[in-house]
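The values are calculated or read from the model by the stated rules, or taken from the named source; none is laboratory data. All values derive from a computational prediction rather than experimental measurement. Because the Cβ atoms are built from the backbone with ideal geometry, glycine has one as well, and the counts that use them run over all protein chains shown.
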Amino acid sequence: MYADPTATKYLVKAKMTADGVVEKPDVVGAIFGQTEGLLGDDLDLRDLQKTGRIGRIEVEVTSKGGRSEGSVIMSSSLDQVETVLLASALETVDRVGPCRANIKVTSIEDVRITKREMVADRARELLKELITQSKGTSSDLIDDIRKTLQVEEIVSFGKDKCPAGPNVKDSEAIIVVEGRSDVINCLKSGIKNAIAVEGTDIPETVQELSRERVVTAFVDGDRGGELILKELFQVAEVDFVARAPRAHEVEELTQKQLVKCLRNKIPADQYMEMNNITVDDEEEEKKERPKRESKSEERKSEERKSEERRNGRSEERQQRRERFDPETAERFKKKETREPKEEEKPKESDDDDKQDKDEKSTRTLKGKRTSKRPEKVLTEEQQFYKDVLAELASTHNAKILDGEKNVIKEVPVKNLADILKEDSEGVASIVFDGVISQRLIDVSEENGIGIVVATRKGKISKLPADIIIWSKDDFY
């Protein structure tokens, strides 16, 4: 039994063809027999195979149509010169058994190169596993410690014990979110001034904070977020609004998404205008909500009024009975004879009042109101801006004017702030059909705009001394 080489360096691959049907032992015997003594005793295949410097000669043969074809593979641990000599010796075989044959070497492969490639590939896989394992371990450890620290940082703020970040107590600006998970996600991103309302019933703690701090409402991008915003607009003073992407929640946002949403916040007045939300309507809805105390008071007042009406009707009925009672009729007759003048005077006054009312209603129908509110006295400049504002009524557009009150351009109100930031050269005043917000005031101050005229004023916390603000109420 021949021993395989302990260290294979090269693989010699050859192709064999024979004119007849041959088998594997025939090919192996032909190779050993026809190369014996060809290259001397040092390169004899049998001796090299016994010492393990040449491996087993592997042969595969297939016969078809009276011809045989196959492949020959010989492994070698010799050096390059000796290996190529043995490979060349294989091509000297011209017969296999009784058939003419031909062996052609197709390639000599360096096994070490293939092994090096395999080693490199395997090393890459092992390195990736090692890095993933070490990275996962370290990141998991850091996340666990960070979560523990963040949970410890959450405080219960105010009498309602609202979940909040540690900086809510001293920060000038706060972020109002929906729940405790939102506060934790904000802490992960380094935002420590968030406070949660935990439902649509806004706590009094948040309501009181909104009157003292700059409030940014940061809610989910679903229906629940819209309801909480409407509730906040009713009971609190909201300065800015930030929304998570549609169908997303604040607690599932990444740090990059969360910071981006807060950077894209818009003034509350602008948000209310864009979504057709009015505080008056919300206050009416709030009044209509069931409140036990107010309902009980209303019921009591209605009961008192109905009782008074019943008492009054009962007194009238009693008086009518007494008038038609024979025993008391004489008393009423004497009373009527004693005070005829006093009874006639009210009748005359009633007739006069009726006549005055008829005259007033006639004048009202003719378009001449007697109680007309006096018009305000406007300066020439105010009258000019009043006319411009009237032209923009219900257009949602804005006119940008220069120092001589000439219109530079007319743009949509929603793009006004961005346009002024890009190009405000020569702009002296702006007139638009919308709400004056703090953002527009800041942009106007940055670009030296002196007059801002709009339909109505919003919540303005900081008003520069060098900017004049007029709304529709100032002209009428």
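Side notes on the structure shown:
- Checked against (1) among the polar types (S, T, N, Q); (2) buried (at least 17 other Cβ atoms within 10 Å of the Cβ); (3) within 21 Å of the chain's Cα centre (by Cα), S210 passes all but condition (3).
- For beta carbons closer than 6 Å, sequence separation of 6+ or different chains, a first residue in the range 41-63 that is within 22 Å of K15 (Cβ to Cβ) and a second that is part of a strand (DSSP E or B) and β-branched (V, I, T), the qualifying pairs are E58/I73; V59/V72.
- Within the range 179-222, the residues that satisfy the criterion of being closer than 15 Å to L262 by Cα, among the charged types (D, E, K, R) and assigned to a loop (DSSP other than H, G, I, E, B) are K192, D220.
- The set of residues in the range 377-428 that are under 20 Å from D269 (Cβ atoms) and touching a residue at least 40 places away in the same chain (Cβ under 8 Å) comprises L389, L392, A393, K414.
- Looking only at the range 64-99, and only at residues there that are within 14 Å of Y10 (Cβ to Cβ) and of a type in the set (G, A, S), the one that is surrounded by the most Cβ atoms within 10 Å (Cβ to Cβ): S76
- Residue tally, condition more than 30 Å from K24 (Cβ to Cβ) and either at pLDDT 90 or above or not polar (S, T, N, Q) (or both), over the range 79-135: 16
- Number of positions in the range 453-476 that are farther than 16 Å from E391 by Cα and not charged (D, E, K, R): 9
- Residue in the range 39-48 that is under 25 Å from P98 (Cβ atoms) and either touching a strand residue (DSSP E or B) at 6+ places or on another chain (Cβ under 6 Å) or in the same structural domain as N102 (by TED's automatic domain parsing) (or both) present: yes
- Test for T8: is it modelled with pLDDT under 90, more than 18 Å from A89 (Cβ to Cβ) and either in a strand (DSSP E or B) or among the β-branched types (V, I, T) (or both): yes
- Of the listed requirements (1) at pLDDT 90 or above; (2) of a type in the set (S, T, N, Q); (3) under 23 Å from E23 (Cβ atoms), S76 misses just one: (3).
- Residue list for the range 411-426, restricted to those being within 24 Å of the chain's Cα centre (by Cα) and farther than 17 Å from S437 by Cβ: none
- Odd one out for D160 among (1) at pLDDT 90 or above; (2) surrounded by 11 or more Cβ atoms within 10 Å (Cβ to Cβ): (1)
- Flag if T106 is in contact with a Lys or Arg (Cβ under 6 Å, 6 or more places away or on another chain) and of a type in the set (S, T, N, Q): yes
- Output for the range 239-270, where each listed residue is in a helix (DSSP H, G or I) and either farther than 16 Å from I436 by Cα or in contact with a Leu (Cβ under 8 Å, 6 or more places away or on another chain) (or both): V250, E251, E252, Q255, K256, Q257, L258, V259, K260, C261, L262, R263
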